[in-house]
Structures are given as C-alpha cells and as structure tokens.
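Chemist: Have a look at the structure that comes next, please.
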Amino acid sequence: MTSDDAYLVVVDYEADTERKRAEYLLDNWEAGSVESVRGLTRVVSGTDIHELYDALVAKVPEDQIETYDLTPVNSEASTSDERLDIRTETDPERVEWAVESVLNKRKAVEDPERDDTYAVYTKKGRATVRYEVVPRDDGSVLEIRIEGYGEATEFLRDFFEEELGYML
C-alpha cells in the first residue's frame with residue numbers, strides 16, 4: 001500500500017445504530033484522508049467500461065465523471081478473546097441474576113439462535129459474550145467467554161469482573 005492508494009469502503013448495515021457507529025468512526029478517522037463520495041455512485045461490472053463512459057460523457061460534462069478500477073481488498077479484522085472464570089459460594093440462580101443484570105446494564109442483545117450468547121457494543125468496539133453457570137456443592141462456577149474486536153474484549157472482561165465483584 002502506498003500513500004497514493006485510495007479505497008472505496010462499503011459498510012452494509014441492518015440498523016441505523018450500526019450506520020451511525022461506522023459513520024462516526026469514518027468521520028473522525030485521523031490517519032490519511034476519508035471523504036464522502038459526492039454525486040451518484042455505482043459499482044459497475046460485466047460491461048465495457050469505455051462504452052459506458054462514452055455514453056455518460058454524452059449526458060454529463062466529462063470533468064464531472066471519475067471512474068476507478070476496483071479490486072477487492074482481502075482483509076480480515078483480528079479478533080481477541082478473553083475468559084473470566086469466577087468461583088463463588090453464591091447459589092446458581094443468584095449468579096444467573098447477577099450476569100443478566102450486568103448484561104442489561106450494557107444493553108446487551110441476546111442472540112436468538114444461541115442461548116446465553118449476547119452481542120455487546122461499547123465505545124471500545126463490539127463483542128460477543130457467552131456465559132455458563134455451573135452448579136457445585138459449595139456454590140457455583142461462572143464461565144464467561146468474550147470474543148470481539150478492538151479493545152472491547154479487555155474492557156468487557158474488566159467491566160464484568162468489577163460489576164460481578166459487587167454482586168457476588
């Protein structure tokens with residue numbers, strides 16, 4: 001990658017909150033130059049671009065048209081995992097209540113396809129939180145798994161540890 005490289009970034013979203021998060025990040029990105037695309041933008045494939053360009057120039061002044069050759073960039077975000085295991089003398093129902101309370105505090109959204117799995121959004125990034133309460137004769141063991149992006153996993157591990165420390 002050189003300093004002259006330019007990229008078209010397309011963010012698909014299902015909810016307006018996702019759009020706002022991505023837009024805020026892009027609007028406030030400090031490295032390089034990030035600008036919104038003005039005018040009409042289309043991704044064109046399966047046609048002769050020169051023929052299309054000639055047809056566009058017949059309708060719109062040439063100095064108002066830009067074309068770029070797009071090549072997908074194979075990039076994968078790196079995830080991080082955190083694990084929190086808490087042994088407590090507290091009964092399993094109370095532990096379950098405590099975890100659910102902390103998840104509610106973070107406005108976590110339950111995954112409809114997997115029990116005890118939640119999506120959590122923070123200013124540090126997004127993460128998936130899974131937990132299991134294992135009953136024992138002397139109380140219970142709480143196992144929390146956090147998988148996510150950015151600093152979200154470490155932030156959430158610390159958050160859960162602190163909040164649950166008060167409750168258990």
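Chemist: Could you list, ordered by first residue, the pairs with Cβ atoms under 9 Å in which the first is in the stretch 87-105 and under 12 Å from Arg136 (Cα atoms) and the second is assigned to a helix (DSSP H, G or I) and open to solvent by 50 Å² or more (accessible area, probe 1.4 Å), at least 6 apart or interchain?
Modeler: Here the result reads Thr88/Arg94, each pair linking the stretch 87-105 to a residue that is assigned to a helix (DSSP H, G or I) and open to solvent by 50 Å² or more (accessible area, probe 1.4 Å).
Chemist: Which of (1) in a helix (DSSP H, G or I); (2) at pLDDT 90 or above is the odd one out, the single condition Tyr166 does not satisfy?
Modeler: Exception for Tyr166: condition (2).
Chemist: Scan the stretch 44-62 for residues that are free of Cβ contacts under 8 Å to residues at least 12 places away in the same chain, of a type in the set (A, V, I, L, M), closer than 25 Å to Tyr7 by Cβ and not in a loop (DSSP other than H, G, I, E, B) and jot them down.
Modeler: Once the filter is applied, which keeps residues that are free of Cβ contacts under 8 Å to residues at least 12 places away in the same chain, of a type in the set (A, V, I, L, M), closer than 25 Å to Tyr7 by Cβ and not in a loop (DSSP other than H, G, I, E, B), the stretch 44-62 yields Leu52, Leu56.
Chemist: Let me ask something else. Return the total of residues in the stretch 4-32 being open to solvent by 90 Å² or more (accessible area, probe 1.4 Å) and farther than 19 Å from Thr67 by Cα.
Modeler: 10
Chemist: For the stretch 64-95, which positions are under 24 Å from the mean Cα position of the chain (by Cα), part of a loop (DSSP other than H, G, I, E, B) and among the aliphatic types (A, V, I, L, M)?
Modeler: Result: Val73, Ala77.
Chemist: In the stretch 96-110, what residues are open to solvent by less than 100 Å² (accessible area, probe 1.4 Å) and either assigned to a loop (DSSP other than H, G, I, E, B) or not hydrophobic (A, V, I, L, M, F, W, C) (or both)?
Modeler: Answer for the stretch 96-110, where residues must be open to solvent by less than 100 Å² (accessible area, probe 1.4 Å) and either assigned to a loop (DSSP other than H, G, I, E, B) or not hydrophobic (A, V, I, L, M, F, W, C) (or both): Glu96, Glu100, Ser101, Arg106, Ala108, Glu110.
Chemist: Looking only at residues that are open to solvent by 50 Å² or more (accessible area, probe 1.4 Å) and in contact with an Asp or Glu (Cβ under 8 Å, 6 or more places away or on another chain) in the stretch 146-162, which one is nearest to Ser101 (Cα to Cα)?
Modeler: It comes out as Arg157.
Chemist: Right, something else. Show the residue pairs meeting these rules: Cβ distance below 8 Å; 6+ apart or different chains; first residue within the stretch 63-81 and touching a residue at least 12 places away in the same chain (Cβ under 8 Å); second residue assigned to a helix (DSSP H, G or I) and open to solvent by 90 Å² or more (accessible area, probe 1.4 Å).
Modeler: From residues that are touching a residue at least 12 places away in the same chain (Cβ under 8 Å), the pairs are Ser80/Glu154.
Chemist: Quick one: how many residues across the stretch 52-78 are open to solvent by 100 Å² or more (accessible area, probe 1.4 Å) and closer than 30 Å to Gly150 by Cα?
Modeler: 4
Chemist: Against the definition (farther than 17 Å from Thr17 by Cα, buried (at least 16 other Cβ atoms within 10 Å of the Cβ) and among the β-branched types (Val, Ile, Thr)), how does Val134 come out, yes or no?
Modeler: So Val134 fails the test.
The values are calculated or read from the model by the stated rules, or taken from the named source; none is laboratory data. Quick caveat, the model's predicted, so the values are computed rather than measured. Glycine also receives a Cβ, built like all others from the backbone with ideal geometry; neighbour counts cover every protein chain displayed. Areas reflect the complete protein model, heavy atoms only, side chains present, ligands, DNA and RNA absent. Shrake-Rupley method; radii C 1.70, N 1.55, O 1.52, S 1.80 Å.
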